[in-house]
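The values are calculated or read from the model by the stated rules, or taken from the named source; none is laboratory data. Fair warning: this is a prediction, and the values are worked out from it, not measured in the lab. Cβ coordinates were reconstructed from backbone atoms using ideal geometry, including for glycine residues, and neighbour counts include every protein chain displayed. With ligands, DNA and RNA removed, areas are computed over all heavy atoms of the protein, side chains included. Shrake-Rupley method; radii C 1.70, N 1.55, O 1.52, S 1.80 Å.
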Amino acid sequence: MDKKTVSTISYLSRLKLDEDNQDKITSDLENIIKFVDQLNDANVNDIEPLTNPLEKVAKTRTDAVTAENRKEEFLERAPKSNEDYFLVPRVVE
Amino acid sequence: MSIRYKSIKELSQMLKNKDISHPELIQETFALIEKNKNLNSFITLNKENAILKAENIDDKSPSLLNGIPIAQKDLFCTKNLRTTCGSNMLADFIPPYSATVIENLEKAGCISVGKTNMDEFAMGSSNETSYFGDVINPWGKNLVPGGSSGGSAAAVAAGIVPAATGTDTGGSIRQPASLCGISGLKPTYGRVSRWGMIAFASSLDQAGPMARTAEDCAIMLNHMCSHDLKDTTSLDENIPDFTSTINDSIKRTKIGIVKEFDLSKLDKDVVKVFEESIKHYESMGAEFVEVSLPNISLSVPTYYVVAPAECSSNLSRFDGVKFGKRSELASNLEELYINTRSEGFGDEVKRRILIGSYVLSAGFYDAYYKKAQQVRRLIKNDFDKAFKQVDVIMSPTTRGAAFEAGSKGSDPIQMYLEDLFTIPANLAGLPALSIPNGMIESKPIGLQLIGNYLDEQKILQIAHNFQKSTDWHLKTPNGDIS
Amino acid sequence: MTWETVIGLEIHVQLSTQSKLFSGGSTGFGAEPNTHVDLIDMGLPGVLPVANRDAFHKAIRFGLATNAEINQTSSFDRKNYFYPDLPKGYQITQMTMPIVGKGTIKIETEDSEKIINITRAHLEEDAGKSIHDLFEGETGVDLNRAGTPLLEIVSEPEISNAKEAVAYFKAIRQIVTFLDICDGNMAQGSMRCDVNVSVRKEGETELGTRAEIKNINSFKFIEKAINHEIARQIKVIEAGNSVVQETRLYDSVKNETRSMRSKEEANDYRYFPCPDLLPVVISDDELNEIKNSLPELPEQKIKRYVTQINLDESEARIIAASKTMANIFEEACEKTNDSKLVAKWLVGDVSALLNKDNINIEESRLSSSNFAKLIERITDNTISGKIAKSVLEEIWSSGDDVDTIIESKGLVQIQDETVLIKIAQSIIDNNPNQVAAYKGGKDKLFGFFVGQVMKETQGKANPKSVNEILQKLLS
């Protein structure tokens, strides 16, 4: 796992590794990947991946508005908000 | 009459006999919590509401759980009561709603006394990754209680509450149950609604009871299960009374021993305890059959691809925008995300998110994630075949008894291998439980029973029969931890 | 050197369900910020999605109308990325098993007709809105829109120029409005378009590098953006450089596209099956029910108008061109039983007004019920056709109710024969020369008498009655 890969996946995950942590975590990641590489030997020809142990069919809902307005409740839990919006630093597109 | 170490059944009887009043029971519970606060098993207490509930309770209710103090793992959202998931990210989070499991239990009359400590976001096997500090095993100050439901396990093991809720993704109910000498059950995937359960790995997570006996686990499970339209991964299947067949004889029950769980690699003491249990079951008329689960050795690597992948996505919602912590260093959007998440998450969580992002990334998806899901099916198929030959599968729950805090710190893989015996049941979605079956150097250890889909009744029956004729589950650690 | 353009469009259509794709939050437009947000839309810890079956039904209608494969078993995937208006940090979409597969659609430009192949159409949830310009140094996030169901329709790269792209977009809009699966309101963002553009030298078989222009929601801008981008790419290549594969935004003020600053290109979405959602299965019975209740498409309406109502094909085409126009026509026909008259007014006066103001029928103040009432008032003789024209103009500018206008302006037609006879008689008495000339053979003078009665009654006399009365009196 080279530095570039670690840096790419860190960015994808929006995580940064401190100086003192970086080497340890990088080597941890390498070891973990080496560990899971055991899967390479498995013979999985024609085996369907298993996403959910239930293997059933979705229950769906009928189209109806059931939610109430909970604006205050939600905004008061936000780290930063005004009376109408959640606020984040200005996003430049 | 002391309430300490009493089971749900016993406390329920005491309340019915008016040996103790509802408010007294709750007051004494809080006194026990206070006396044992060095265990660090609770993150948030719910004292006022609990006492209020006890004072206003309908004491005519027939429910066995009526008025019973229960500790709730801090992974379940509890409306208006802080829910942290053991993380700095949610250190001040007050959910606006409650998990279905919590609502079900409270409707049955339970009194939630507090939220228990846990490994951060349920990632860990020793309760050493919590932002709120380690939990201590009541059996020894320097011992870990197991994880991630370490706080719940410790609270029950210390006799503070008769039962607690836990969650199990790779063994997080069963492993701490084993290390703390209590009973814990992970139901079939989908039995218990995940609505309100903070998600770690969605296709593996299940809530379950942790209690002093298998019978109490069955009582809890009766109320935890429900058909919930808000969780479409939950089952529609009929919910039986899990206590109804618990006393049935286990003569001629076929119990499978997994060939590939090479017990020769385990500590001699662990093997001895396990073999004693086999003998005991044989004396009760059970028959042991060797079964083969050829792909079982790939369980742990499979788990450590699937679980991190799902968690890396599930934890993306913690971004400092709408709830939870936000970093002070957030002068632009990038900083907001990166600093909030780097400050908010501990190292184990970061590791798993990074592994997850890696195995899902373009170029690696087929080799890791897809491959792991295919191996997962192989493992499930192995179990399907085995259950044609046996009724249940038995193994030790853990490789050993409780280990010293800090002893597995430097190598994450050593910690991952703690879940060797427990992970397969999560991958296949099968019900499994752990009950105490011995002691090693004055530390408890557990026995695991894995059942076929929807067959919780069978494993509870087999566990209960064991507990009727042994007393491992009655052993308690000495006094308070101070 | 001649250049060829290859264009593919991804159109996001907001489905007109009442509630969101995975929650019971309302999809209504224009509400106060963050008031249509459910726990699930917030992406709070512990919440779980539950799929809205009606969204599937609407998507299937689209598939049926485009002769597409319907995947009766479809599933959901997660597309992972970070953005403030994406609450969960991932979007639930359908990457591997979309509800609708390959289909076709016919497009018409001024010069030609063409069949465009549709690669697929899948369901996904919309994000919320980021409001950049309201607060100093900050962006506000409104999650009302988060979770609204979208149908993403992907075309094959078979579109050759900007006009075809507009025609394609219009054709899609026509279908989705006629199917009642989307209100087609571009201004409100009910339909948005991402355009993939690349150029190559004529005769080349390999595709050039493409650029994606995101989020255009007007016909005019689609055309301008594409033409600008084509010119830009040609210039780049002619200067000896390569076109960069990237995402661009169209700036309608400067009429140019510019590269998006974000590290979009570094974005690996890490798609994987969503473990919270099981596959959705549509039964054969369900599919048949949807087939049998499919709303009429333009071609079917035209056929019906021509064969059953006896409209001219040209009239039928004009009326069936937009769902709103067709609805107005059908409501008025139902209420008045005089389809020919209704058609005449829509194709004639209404269309003329639309052209004059250069607007669509949806943008006018003419409501379906009010128009029906206007025609009713003609057929029940309350007003004459001529008066109706002025009433229509009044409705057009004020949107007021027909009866209110008629009453306030005193436009009720005079029908009372006694009154009319009296007036007619007095005109005849006062114009003996014209009477003589008419009786002497100048038939055209009949119009003079009619005109005089009309003038006398300020146009309110019932023309038919006037004619009959004058005929009698002048015979």
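Beta bridges per DSSP, both residues in the protein assembly as shown: antiparallel share near 80 percent.
The calculated FRET efficiency for the pair B:S292 and B:A91, based on their C-beta separation and a Förster distance of 45 Å, comes to about 0.45.
Which of the peptides B:435-442, A:2-9, C:27-34, C:43-50 is most tightly packed, and how do the rest follow, judged by the mean count of other Cβ atoms within 10 Å per residue? All intermediate terms of the calculation are to be shown ahead of the outcome.
Values: B:435-442: 20.0, A:2-9: 14.4, C:27-34: 16.8, C:43-50: 23.4.
Output ranking for B:435-442, A:2-9, C:27-34, C:43-50: C:43-50, B:435-442, C:27-34, A:2-9.
For segment A:1-89, a/c is not less than 1.5, where a ≥ b ≥ c are the root eigenvalues of the C-alpha gyration tensor, and a/b does not top b/c. That puts it in the oblate class. Any idea what angle helix C:162-178 forms with the longest principal axis of chain C, computed on alpha-carbon atoms, 0 to 90 degrees, nearest 10? With both axes taken from Cα atoms, the answer is about 70 degrees.
Across chain B, the mean sequence separation of Cα contacts (distance under 8 Å, 6 or more residues apart), normalised by length, yields a relative contact order of 18 percent. In chain B, the inverse of the mean reciprocal separation of distinct Cα atoms equals 22.1 Å; this is its Kirkwood hydrodynamic radius. Extension gain for C:K106 to C:T73 (0.36 nm times residue separation, less C-alpha to C-alpha distance): 9.2 nm. Spin-label model, C:V236/B:K268: points 7 Å from Cα along the beta carbon direction are separated by 7.4 nm.
Which shape class, rounded, prolate or oblate, goes with segment B:336-421 when its Cα gyration tensor gives a ≥ b ≥ c as root eigenvalues, a/c under 1.5 marks rounded, and past that a/b bigger than b/c marks prolate? Let's see the in-between values first.
Numbers: a/c = 3.20, a/b = 1.33, b/c = 2.40.
Since a/c reaches 1.5 but b/c is at least a/b, the shape of segment B:336-421 is classed as oblate.
Kirkwood-type hydrodynamic radius, segment B:105-190: 12.7 Å, calculated from all non-identical alpha-carbon pairs. Strictly greater than 24 Å: what percent of every Cα pair in segment B:216-308 meets that? Pairs farther apart than 24 Å: 53 percent.
Stokes-Einstein diffusion coefficient for chain C at 25 °C in a medium of 0.890 mPa s, Rh from the Kirkwood formula over Cα pairs: what value in µm²/s?
On the way: Rh = 26.3 Å.
Calculated translational D: 93 µm²/s.
Taking the protein heavy atoms of segment B:1-53 in the context of the full set of protein chains, the accessible area attributed to carbon and sulfur is 50 percent at 1.4 Å.
Remark: the C:A31-C:S398 segment gains 129.6 nm on full extension, using 0.36 nm per residue and subtracting the alpha carbon distance.
If you wrap the Cα atoms of segment C:39-144 in a convex hull and average its projected area over all directions, you get 10.0 nm². Here the protein assembly as shown is assigned +1 on the Cβ of each Lys and Arg and -1 on the Cβ of each Asp and Glu. Its dipole about the Cα centre then comes out at about 560 debye.
I need the shape label for segment B:161-209. Rule: rounded when a/c is under 1.5, else prolate if a/b > b/c, else oblate, with a, b, c from the alpha carbon gyration tensor.
On the way: a/c = 2.09, a/b = 1.67, b/c = 1.25.
Prolate shape, in that a/c is at least 1.5 and a/b is the bigger ratio.
Taking only alpha carbon atoms, segment B:53-199 gives an Rg to Rh ratio of 0.96, where Rh is the Kirkwood radius. Could you tell me the ratio Rg/Rh of the protein assembly as shown? Both radii from Cα atoms, Rh via Kirkwood. Rg/Rh for the protein assembly as shown comes to 1.11. Amide H to amide H distances under 5 Å link B:G256 with B:V289, B:D391, B:V392, B:I393, B:M394, where only residues 5 or more positions off or on other chains count and H is placed in the peptide plane. A full extension of the chain between C:R365 and C:K409 corresponds to an added length of 13.9 nm, given 0.36 nm per residue minus the alpha carbon distance. Within chain B, antiparallel bridges make up roughly 65 percent of the DSSP beta bridges whose residues both belong there.
Taking the Cα atoms of segment C:310-375, the ratio Rg/Rh between the radius of gyration and the Kirkwood radius comes to 0.92. Per residue of peptide B:364-374, the mean number of Cβ atoms on other chains within 10 Å of the residue Cβ is 5. State, to one decimal in nm, how far the label point of C:Q308 lies from the label point of C:E256, with both points 7 Å from Cα in the Cβ direction. According to this spin-label approximation, the distance is 5.5 nm.
Computed over the Cα atoms of segment B:259-352, pair by distinct pair, the Kirkwood hydrodynamic radius stands at 17.8 angstrom. Can you tell me the 0 to 90 degree angle between the C-alpha axis of helix C:298-309 and the longest principal axis of chain C, rounded to 10? Computed tilt is about 20 degrees. Across every direction, the projection of the convex hull enclosing the Cα atoms of segment C:1-65 has a mean area of 8.2 nm². Computed from the Cα positions only, the extents of segment B:1-93 along the three principal axes stand at 45, 27, 20 Å, in decreasing order.
Treating r as the C-beta distance of C:A437 and C:T457 and R0 as 30 Å, the FRET efficiency rounds to 0.80. Under the criterion of Cα pairs below 8 Å and six or more residues apart, the relative contact order for chain C equals 14 percent.
If you wrap the tightest convex hull around every Cα atom of segment B:396-482 and split its volume per residue, you get 118 Å³. The value of relative contact order for segment B:191-275, using C-alpha pairs under 8 Å at least six residues apart, is 27 percent.
Projected label points at C:A352 and C:K422, each 7 Å from Cα along the beta carbon direction, are separated by 3.5 nanometres.
Between helix C:417-430 and chain C there is an angle of about 60 degrees, using the helix long axis and the longest principal axis of the Cα atoms. For segment C:348-475, the fraction of C-alpha pairs more than 18 angstrom apart is 58%. Would you please give the FRET efficiency between A:K34 and B:I278, computed as 1/(1 + (r/R0)^6) with r the Cβ-Cβ distance and R0 = 30 Å, to the nearest 0.05? FRET efficiency, A:K34 to B:I278: 0.25.
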